[in-house]
1. Would you mind computing, in nm to one decimal, how far apart the modelled labels at residue 345 and residue 206 are, each placed 7 Å from Cα along Cα→Cβ?
2. Quick check on my link table: of 361/383; 26/53; 22/119; 398/429; 361/382, which ones sit more than 18 Å apart, alpha carbon to alpha carbon?
3. Could you give the length gained on full extension between residue 112 and residue 1, defined as 0.36 nm per residue of separation minus the Cα-Cα distance, in nm?
4. Report the FRET efficiency, 1/(1 + (r/R0)^6), for residue 313 and residue 430, where r is their Cβ-Cβ distance and R0 is 25 Å, rounded to 0.05.
5. What is the ratio of the Cα radius of gyration of the stretch 110-171 to 2.2 N^0.38 Å, where N is its residue count, to two decimals?
6. When ligands, DNA and RNA are left out and all protein chains stay put, how many square angstrom of accessible area per residue does the stretch 340-436 have with a 1.4 Å probe?
7. Could you calculate the FRET efficiency of residue 289 with residue 264 from 1/(1 + (r/R0)^6), where r is the beta carbon distance between them and R0 is 51 Å, rounded to 0.05?
8. Of all beta bridges DSSP finds with both residues in the chain, what is the antiparallel percent, to the nearest 5?
Amino acid sequence: MKKGLALCGGGAKGSYEAGCFKAFDKLGIKFDIVTGTSIGCLNAAMYCQHDLKRDYELWEKLDVSMIVKYGFNFDRYDVLNGIKNNKNSISMVLNYVTNRGADIRPLKKLFKEYIDPEKIVNSDITFGIFSAQYPSMKGNEVIANKLDPNLIRDYILSSASCWPVFPISKIGDKSFVDGGYNDNLPINFCLKLGASEVVAIDLNPEPTHPEYLHKSFVKYIRPTHFLGTFMQFGHEQIMQNMALGFLDTMKAYKQYQGYRYTITFEMPDINYQDFTNRIIEIYSYISRNNIKFSKKSEIDKHIFEYLSQYTDSSTLNHKELFIRALEVFAELLDVSYFNVYSISSLIDESINKLCTHDLHKGLFKDLDMQKNYEKKRTYIEKKDKFDLMRYLYNDLLKGNRLNISTLSMIYTTKLDVCIAYIFLDYCLKIGLISYE
């Protein structure tokens, strides 16, 4: 039985895959076959060469100047703003016109330094390069180990030729562009090469191949958070992506639990069904009274759908619902994703951040003066969620609990605040959080 590794394309997001490699190394997991598209192809080459340490070092020092001449980082989706405010933008545009694509001489130099054709040809790992033929965009599959060593770098470059940003790649009389135009995550190629089981590393939160998401022979790893854009080569973003790749892979192999956060398996000895029952109570009240979500609210999911986000499951058990509620609370307060937490330490970190927020004691002062349910709900909807959360927590510490009618107003306007409130109320009730 052969184990395969399929690596996704995504430019700077490929740093996530290097983090996954660190987890594989820690867990002693090895692969017989590796396939890659675009930046995944470069990472695959480094894996095939048994050069993981150099791959980490490359990502730790990589910046956009090592990819394209006169390049600059695209900040999230604001490409036009990046061009307007970057001193290299005019030079890059001029070079782009001259070369019919960005000047990628720095990338070719990087390939020459890091890709060793002889190591690939003699490797015990089968390495599949996936690109797309131009102009048909038909998939092109080659086994790097069987190529003329002088052509290996050219074929890897062809896989990463993200036209029209990069020039079209020519090998002999054939033209190629980035393999992502046909298949950005070459799981099928991995299976063709003889893998009986495949670990697929996606670089997108939404799966590239959802049809493989629940297959027993595919372990599908994908980022739990946004990795930036394909040309966002800032050092901080790259290091965060590597950290996330490591943590997500460790969770995929059940070393930790959690969905948006990484949590140890130590769980408090409590009745988790009681927590679920409290959620059902408020959900039933909303449904029974036909209370609609606010038209101004971006929330269009009921509470169980909301908690099921990021889990690939619509049927969470009682413990999983508790963990997801904790994650919603932590995320509401922007607690860092890049640490390993116990349940208690994540609660403590979240409460500490909450308590640094200013307390507005008169936040609900005029709520009872509102004439009807809808006006009261509008009143709550206008409140800042962080102010609201801080006020509600302070009220809980005094032993004051919201009635279900007021809680339903928060449910239908700020569902994440409602979930955090239910979580805190429950934790105080069972002594998981003290009243001090």
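1. Between residue 345 and residue 206, the simple spin-label model gives 3.5 nm.
2. 22/119
3. Result: 36.6 nm gained on full extension.
4. With a Förster radius of 25 Å, E is 0.50.
5. Relative to the 2.2 N^0.38 Å estimate, the stretch 110-171 comes out at 1.13.
6. 48 Å²
7. The computed FRET efficiency comes out at 0.80.
8. Just about 35 percent of them are antiparallel.
The values are calculated or read from the model by the stated rules, or taken from the named source; none is laboratory data. Since we're looking at a predicted model, the values are computed, not measured. Note that each Cβ is placed from the backbone with ideal geometry, even for glycine, and that neighbours are counted across all protein chains shown. For accessibility, only protein heavy atoms count, side chains too; no ligands or nucleic acids. Shrake-Rupley method; radii C 1.70, N 1.55, O 1.52, S 1.80 Å.
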